[in-house]
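The values are calculated or read from the model by the stated rules, or taken from the named source; none is laboratory data. This is a predicted model, so every value here is computed, not measured. Note: ideal-geometry Cβ built from the backbone for every residue, glycine included; neighbour counts use all protein chains shown.
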Amino acid sequence: MTNLADLLPAGGGQNNTDFVADGNISSGAPVILTAAGKAAAVSESSISASLGTPVNFYAASTQHTSTAFDSTNNKVVVAYRNGLNGWLYAVVGTVSGSAISWGTPVAVNSGTTEITNQSCVFDSSQSKIVIVYKDNAASDIGNAIVGEVSGTSISFGSEVTFNNATTEYPIAIYDSNAQKVVIAYRDSGNSNYGTAIVGTVSGTSISFGSESVFLTQTTDLISGAFDSSTNQIVLSYRDYASSLYYGKSIVGAVSGTSISFGSQTTFESATIGYTATAYDSAANKIVVACQDVGNSYYGTAIVGTVSGTSISFGSPVVFNAANPTEYIGACFDANVGTVTFIFTDGAGGNYYPTYIVGTVSGNSISFATKATVATNSYSAGNSCAVDTTSNKVILGYAQPGVAGAGAVLQPSGTSSNLTSTNLLGIASGAISDTATGTINTWGSRNEVQTGLTIGSDYYVQTDGRIEAGVTNIAYDISSATYTQNFSVSSQSTDPVGLLFSPDGTSMYVVSGVFPPGAKNIFQYALTTAFDISTASLSKDFDASGEDSQARGIQFNLDGTKMFINGVTGDAYYQYSLSSAYDISTGSYDSVSFSLSSQDGNMEDVVFNADGTKFYGVGLNTYAIYQYSCSSAFDLSTASYDSVSFSISSQDNSPRDLFFKPDGSKMWLLGRQNNSIYQYSLSSAFDLSTASYDSISFSVSSEETTSGGLAFSANGEKFYVCGGTGDDVNQYATTANSFSTDHLIGKAITATQINIKDYTG
């Protein structure tokens, strides 16, 4: 079908045409016309995934694998049950290209423990592997053990009990925000309730807080993930309430060694089996996979959006229409934005380990074609993890009668079913797969949208979203554009520091050159958040009593503490504000921390998200240094972590630093090349895991004496100040623009789009 006019009625007016749906279509979703003459939702899917040759890590009966990636040592660790003796083992693997090589398996706890239901996770704060399991040799209690990787071997400490009763389905999740290991399980010693406990790793040991019940019903088949967009844990499980066995999810927030939960949300209102949960950091969505017993045991996925302690789920999508789908593992590859499932596929009665790759759009997910990992035997335990060093997915699987093995998977790219000729219109309501429903086509009106801007043209994106004009991509500096500037020359010569309040209504500029006794920190009020064209001077502050050459400014989370670094005293100074974020109310706490032992010219100092770490930019040594506060935002408890990161290969005049709120990215402003450089941290806010992304952005057209760097709260704008014009320059991050072939129409109200005359 190359011309929609061949199918649709001629002329304008209210053209509402019924079509049979190819797949589920949401109300208000843009749709295409398929080659078969059906309507399908606009969506993207992975275009390819290449699989390396599986390699055995144990050449005999194996059960119940769990896979984790050690980002400190760049190694993959698989924990598994030896099917011959029932003992728990762990093995370390090294990825090279599409191949993986394994070290010698190590018996956990000297091989004296018979186990089932194990789960392993990497604690990036301690650079340790944590394995949790049901200990069959000790009355089925829940135990945990910590291991340290060295080369291709792993050594373990002593096991620690987290639940002194029968423990079923234990799952370990690492909370990178709280830097804690959360274990969720069914506590048979407490009426089979769903229970969680928070662990803190120290060396090769782990200590636990008190248990927290998240479900006062029989709970099993638990999985979970950390949602870095909300800094919370999400658990998925089967709920036995009223013998319905529905699929449920719940959100938990870690504080210290305790965890608090919201209310559970149903993701599948039918009996389910196995579950797996992954977090899609590209779309900021939770993805749950399950065996849908209520639908012929099909493998099914559901996408959820977390808001506070609530989750809103989209419609279930079948990824494996075989009977049954078992032993599901799930992980997200941030490098290419894909979710990978590995599962046992019952198609043809073979029960082979199988993988499938999907991409998330909104609250929906689309999949490529599934593929078999191995065909020599059935699988009874599958897992996966992302190797963040090589940006590959490692598939681990267990074959009880044969072996345990792993394979390297490389997902790549996405594709869309939207072309320049097949855009059909917008669904007037939800349409189930194979059902007939109404599509608002050209010359028609769709009335089920939300949040439209009246008079704006709207375009269909390749992932199925309807957006106005252009959409900025948060924190993407690769092809940003300059938009405007704001002069601070009346207050500051050579501005060297820059910061915004969290709500964007205040901007703070640190002056690099000023007369003795003059103010050196300036606060500007913005009538429109993060729009510097609306700025005006409102407050000022003199920090010269502590340091005559201030360089940077930071606040604590509620704006009642202010921190300023200076290069005269080579120290970081702490102040109290009687009015939040109002620098004119600042008073010195008589608390400071010396930075001179690391660098005698620390140009900027910034905190991480929770105030437990801060980082100094050393001009003399071309390096960034990491420090810790045992009490958040309290410099009296600060100490150097003996961790540094050289940036000399990028710039020998570093000036300012900015971290993405989740700690996965950082950006450095350098004056040598007047450029911003982007780095990734495989472990949040852990400088030892930083690596250069080979991405930079030059600001030299606007600024040749760069001083300060800041981002807006949503990452769609960034700002650079400097002495070339004694001003602040504003930039917009990369924008998605769309072909006019994808123009869908114009908004006439907040909920209505007049669809354009589309002729194909």
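Summary of values
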| quantity | calculated |
| --- | --- |
| Test: residue in region 168-185 that is acidic (Asp, Glu), in the same structural domain as residue 230 (by TED's automatic domain parsing) and assigned to a strand (DSSP E or B) | yes |
| Some residue of region 213-227 being assigned by TED's automatic domain parsing to the domain that holds residue 313, farther than 23 Å from residue 384 by Cβ, not in a strand (DSSP E or B) and not basic (Lys, Arg) | no |
| Sole exception among (1) among the polar types (S, T, N, Q); (2) at pLDDT 95 or above; (3) under 28 Å from residue 273 (Cβ atoms); (4) part of a loop (DSSP other than H, G, I, E, B) for residue 210, by number | (3) |
| Some residue of region 96-114 being at pLDDT below 90, in contact with a helix residue (DSSP H, G or I) (Cβ under 6 Å, 6 or more places away or on another chain), surrounded by 15 or more Cβ atoms within 10 Å (Cβ to Cβ) and not in a loop (DSSP other than H, G, I, E, B) | yes |
| Criterion (out of contact with any Leu (no Cβ under 9 Å at 6 or more places or on another chain), buried (at least 17 other Cβ atoms within 10 Å of the Cβ), part of a strand (DSSP E or B) and among the polar types (S, T, N, Q)) met by exactly one of 305, 275 | 305 |
| Residue in region 469-488 that is more than 22 Å from residue 715 (Cβ to Cβ), at pLDDT 90 or above, in contact with a strand residue (DSSP E or B) (Cβ under 6 Å, 6 or more places away or on another chain) and not in a strand (DSSP E or B) present | yes |
| Enumeration of residues in region 728-750 that are at pLDDT 95 or above and either among the β-branched types (Val, Ile, Thr) or over 17 Å from residue 657 (Cα atoms) (or both) | 728 |
| Region 578-618: number of residues that are over 22 Å from residue 540 (Cβ atoms), among the polar types (S, T, N, Q) and part of a loop (DSSP other than H, G, I, E, B) | 6 |
| Exclusive hit being touching a Leu at 6+ places or on another chain (Cβ under 8 Å), more than 22 Å from residue 597 (Cα to Cα), part of a strand (DSSP E or B) and in contact (Cβ under 8 Å) with a residue 40 or more places away in the chain, set 676, 624 | 676 |
| Criterion violated by residue 367 - all others in (1) surrounded by fewer than 24 Cβ atoms within 10 Å (Cβ to Cβ); (2) over 25 Å from the mean Cα position of the chain (by Cα) satisfied | (2) |
| Single condition residue 580 does not satisfy, out of (1) hydrophobic (A, V, I, L, M, F, W, C); (2) more than 21 Å from residue 719 (Cα to Cα); (3) in contact (Cβ under 8 Å) with a residue 24 or more places away in the chain | (3) |
| Strands (runs of 3 or more DSSP E) contained entirely in region 34-95, each with at least 2 residues that are in contact with a strand residue (DSSP E or B) (Cβ under 6 Å, 6 or more places away or on another chain) and closer than 30 Å to residue 143 by Cβ | 55-58, 62-70, 75-82 |
| Qualifying residue in region 691-705 (condition: assigned to a loop (DSSP other than H, G, I, E, B), surrounded by 19 or more Cβ atoms within 10 Å (Cβ to Cβ), under 19 Å from the mean Cα position of the chain (by Cα) and not basic (Lys, Arg)) | no |
| When residues of region 142-155 are limited to those that are buried (at least 20 other Cβ atoms within 10 Å of the Cβ) and touching an Asp or Glu at 6+ places or on another chain (Cβ under 9 Å), the one farthest from residue 104 (Cα to Cα) | 142 |
| Selection within region 165-184 - closer than 17 Å to residue 237 by Cβ and charged (D, E, K, R) | 168 |
| Whichever residue in region 490-504 is at pLDDT below 90 and not in a loop (DSSP other than H, G, I, E, B) and, among such residues, is surrounded by the fewest Cβ atoms within 10 Å (Cβ to Cβ) | 493 |
| Total residues in region 547-569, condition of a type in the set (Asp, Glu) and crowded, with 19+ Cβ neighbours inside 10 Å | 1 |
| Breaking point among (1) crowded, with 16+ Cβ neighbours inside 10 Å; (2) of a type outside the set (Asp, Glu); (3) within 24 Å of residue 686 (Cβ to Cβ), for residue 597 | (1) |
| Selection from region 255-272 of residues that are crowded, with 24+ Cβ neighbours inside 10 Å and either farther than 19 Å from residue 193 by Cβ or free of Cβ contacts under 8 Å to residues at least 12 places away in the same chain (or both) | 267, 268 |
| Residue under evaluation residue 407, criteria (1) closer than 28 Å to residue 339 by Cβ; (2) of a type outside the set (Phe, Trp, Tyr); (3) not in a strand (DSSP E or B), criterion not met | (3) |
| Any hit, region 76-84, residues being modelled with pLDDT under 90, surrounded by fewer than 20 Cβ atoms within 10 Å (Cβ to Cβ) and not charged (D, E, K, R) | yes |
| Selection from region 160-179 of residues that are over 29 Å from the mean Cα position of the chain (by Cα) and crowded, with 23+ Cβ neighbours inside 10 Å | 163, 167 |
| Spans of strands (runs of 3 or more DSSP E) in region 505-575 with at least 1 residues closer than 14 Å to residue 492 by Cα and in contact with a Phe, Trp or Tyr (Cβ under 7 Å, 6 or more places away or on another chain) | 506-513, 521-526, 535-541 |
| Test: residue in region 422-431 that is in contact with an Asp or Glu (Cβ under 8 Å, 6 or more places away or on another chain), assigned to a loop (DSSP other than H, G, I, E, B), touching a residue at least 12 places away in the same chain (Cβ under 8 Å) and not assigned by TED's automatic domain parsing to the domain that holds residue 373 | yes |
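Let's see how each residue does on (1) in contact with a strand residue (DSSP E or B) (Cβ under 6 Å, 6 or more places away or on another chain); (2) without any contact (Cβ under 8 Å) to a residue 12 or more places away in the chain; (3) under 30 Å from residue 716 (Cα atoms):
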| site | (1), (2), (3) |
| --- | --- |
| 386 | yes, no, yes |
| 391 | no, no, yes |
| 434 | no, no, no |
| 444 | yes, no, no |
| 463 | yes, no, yes |
